[in-house]
Amino acid sequence: KQERKTYVVTEPGKDVQEAVLDYRLLAEKDGLSRVKIRLHTGRTHQIRVQFSNRQMPLVGDKRYGQGEACNIALWSYSLRFCHPKTGEIMEFTKEPPLIYPWTEV
């Protein structure tokens, strides 16, 4: 079976798509960090791949990280977009649950 993964490359090439994000460290404790990420592109597994490539895999990421026995530590706190029919700006926020790993940092 072919392994389907996304990879970071250093040179442009055929079928290579740019994947851009910014991140800011919010807190850190005992080797764990909480970051705020802003996506500029929306590529498959973009956050997971880029953080793993920087030797900062997400807690619980079984594909690109160590795969701890917990849910993946990836949470969309805020989502904002223009409504496709009305053009109204829609914004939603939700805090992560009070369970590991969100309670650790």
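A few remarks follow.
- Restricting attention to region 50-105, the residues being among the aromatic types (F, W, Y), part of a loop (DSSP other than H, G, I, E, B) and open to solvent by 100 Å² or more (accessible area, probe 1.4 Å) number 1.
- Residue list for region 15-40, filter: among the polar types (S, T, N, Q) and modelled with pLDDT of 95 or more: none
- Residue count for region 6-18, restricted to those that are open to solvent by less than 80 Å² (accessible area, probe 1.4 Å) and over 17 Å from M56 (Cα atoms): 2
- For region 35-54, the criterion of being under 12 Å from P101 (Cα atoms) and in contact with a strand residue (DSSP E or B) (Cβ under 7 Å, 6 or more places away or on another chain) is met by no residue.
- Residues satisfying the stated conditions in region 25-49, i.e. surrounded by 10 or more Cβ atoms within 10 Å (Cβ to Cβ), over 24 Å from T10 (Cβ atoms) and either among the polar types (S, T, N, Q) or out of contact with any Lys or Arg (no Cβ under 6 Å at 6 or more places or on another chain) (or both): E28, L32, S33, R34
- Counting residues in region 56-79 that are at pLDDT 90 or above and among the acidic types (D, E) gives one or more.
The values are calculated or read from the model by the stated rules, or taken from the named source; none is laboratory data. A quick note: this is a predicted structure, and the numbers were derived from the prediction, not measured. With ideal geometry, Cβ positions are generated from the backbone for all residues, glycine too; neighbour counts draw on all protein chains shown. Side chains included, ligands, DNA and RNA excluded: accessible areas come from the protein's heavy atoms. Shrake-Rupley method; radii C 1.70, N 1.55, O 1.52, S 1.80 Å.
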